[in-house]
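The values are calculated or read from the model by the stated rules, or taken from the named source; none is laboratory data. These numbers come from a predicted model, not from an experiment. A quick note on method: Cβ atoms are made from the backbone with ideal geometry, for glycine too, and the neighbour counts reach across all protein chains shown. Side chains are part of the model used for accessible areas, which takes the heavy atoms of the whole protein and leaves out ligands, DNA and RNA. Shrake-Rupley method; radii C 1.70, N 1.55, O 1.52, S 1.80 Å.
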Amino acid sequence: MFSFFKKKPKPEDLAAPQAAATPIAEATAPVNPSSPSTAEPLAPAAPAVIPAPAPAVTPVEPEAPRKQSWTERLKAGLSKTRDKLGKSLAGLFGGGKIDEDLYEELETVLLTADMGVPATMHLLKDVRERVTLRGLKDASELKQALKDSLTELIAPLQIPLDTSGHQPCVIMLAGVNGAGKTTSIGKLAKYFQSQGKSVLLAAGDTFRAAAREQLMAWGERNNVTVIAQQGGDSAAVCYDAIQAAVARKIDIVLADTAGRLPTQLHLMEEIRKVKRVIDKALPGAPHEVILVLDANIGQNALTQVKAFDDALGLTGLILTKLDGTAKGGVIAAIAREHPVPLRFIGVGEGLDDLRPFLARDYIDALFD
Ligand SMILES: Nc1nc2c(ncn2[C@@H]2O[C@H](COP(=O)(O)OP(=O)(O)OP(=O)(O)O)[C@@H](O)[C@H]2O)c(=O)[nH]1
């Protein structure tokens, strides 16, 4: 579905922004109605014998494959983390006494699920308190205590993105190469459109030409305006996009940016400039600065959150590719060590596979 988003520059190829913008290209979306089929229906062959009337039978329609609900996709998406965590915990929660050996094993399990030391220590302390308070004796009762602890820890990250206070609400996306920024923009555009909001995309990843083209092609197919430039720099594209959005009374602007590593200081400076220029185009904007994180990087996600937060002042996170990893526990590490609202999580490549983060659903999908 997102095959056109496939690309990939190497991080070291990332150059400073190009100069000399060529004129703005704009893709709006006249969706072509599909042309009517020209296939002729097959003529039935003439029967040689008149058959006896058969009893009326209602033809059985082949069942269309049922679309999975979000809960099912979330569960399927988190299966790797659940398998790892669940299998280890199943042993612990099997029964027997709650003792120090059990707590020690629990500590190992939490650490190997990429929760990090501070979150693991916090959870152990919290679980111990719950055990004492509830007077729990048997290991089988520990599961609920841990679920409650984890939910309480990550619940503060559940702050849904509210775009209602601004028109346009400008959302800027940042992240390292291949984290899923461009893909997430497509999914977010769909998400906001489904809420009846108008969306405009700023093809601010001017480093990778394919990113611009992919975004424009996607915009055409999905009736979303894309503002792009041949060459030019990211800040200029975002500036033009915001002016266009203001003139057209658009609800949401999604600004893409090129991937960069936090260690590439000149590129971090460049993205700071993009943010400043957005504020010039529309004072107070961007209203949301999102870091897109690939869940596969586990504990490294924390380093990225800290670095991008220092550079840009993050207001939200998107955690993608939870379906491909057993490192879903990193959410607990973020919650404990550097909390930034987790706006959306991605559990697949489909358009519907990005949804607002709900702590309770996440924990249920992880444990049950
Ligand atoms: N399985 C899975 N794949 C995903 C998810 N989100 C994104 N991807 C894939 O990750 C790859 C990279 O995504 P992009 O959106 O191109 O990443 P990007 O951050 O824009 O990359 P750069 O432009 O290089 O910085 C694509 O093949 C996506 O289809 C997800 O939630 N699950």
Among the trypsin sites (Lys or Arg not before Pro) within the stretch 239-346, which fall in a DSSP loop and have no more than 16 other Cβ atoms within 10 Å of their own Cβ? R248, K249
Given Cβ point charges of +1 (Lys, Arg) and -1 (Asp, Glu) and nothing else, what value in debye, to the nearest 20, does the dipole of the stretch 306-365 about its Cα centre take? 180
V292: accessible area at probe 1.4 Å, nearest 10 Å²? 0
Roll a 1.4 angstrom probe over the protein heavy atoms and tell me the percent of accessible area of the stretch 173-277 that is carbon or sulfur. 52
The stretch 101-160, convex hull of Cα, quarter of hull surface, nm² -> 4.5
Within the stretch 60-156, what whole-number % of the accessible surface is contributed by carbon and sulfur, with the 1.4 Å probe and all protein chains included in the calculation? 55
GluC sites (Glu not before Pro) restricted to the stretch 261-348 and DSSP loop, no more than 12 other C-beta within 10 Å: none
Checked the stretch 302-368 against the a/c 1.5 cut and the a/b vs b/c comparison, axes a ≥ b ≥ c from its Cα gyration tensor; verdict prolate
Viscosity 0.890 mPa s, temperature 25 °C, Stokes-Einstein D of the stretch 220-368 from Kirkwood C-alpha radius, µm²/s: 145
Pairwise centroid distance, computed over Cα atoms, of the stretch 309-368 with the stretch 193-220, Å: 23
How much length would be gained if the chain were fully extended between T112 and L133, taking 0.36 nm per residue of separation minus their Cα-Cα distance, in nm to one decimal? 4.8 nm
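With an 8 Å cut-off on Cα pairs and a minimum separation of 6 or more residues, tell me the relative contact order of the stretch 103-205 in percent.
Relative contact order of the stretch 103-205: 13 percent.
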Are any of the pairs K97/K327; K75/K190; K197/K249; K75/K306; K197/K273; K75/K147 more than 18 Å apart by Cα-Cα distance, and if so, which? K97/K327; K75/K190; K75/K306; K197/K273
Rounded accessible area per residue of the stretch 293-368, 1.4 Å, Å²: 31
Counting only heavy atoms of the protein chains, get the accessible area per residue of the stretch 172-225 (1.4 Å probe) and round it to a whole Å² value. 28
With no solvent term and unit scatterers on the alpha-carbon positions of the stretch 141-182, Debye gives log₁₀ I(q)/I(0) at q = 0.23, 0.27, 0.32 Å⁻¹ of -0.86, -0.93, -1.01
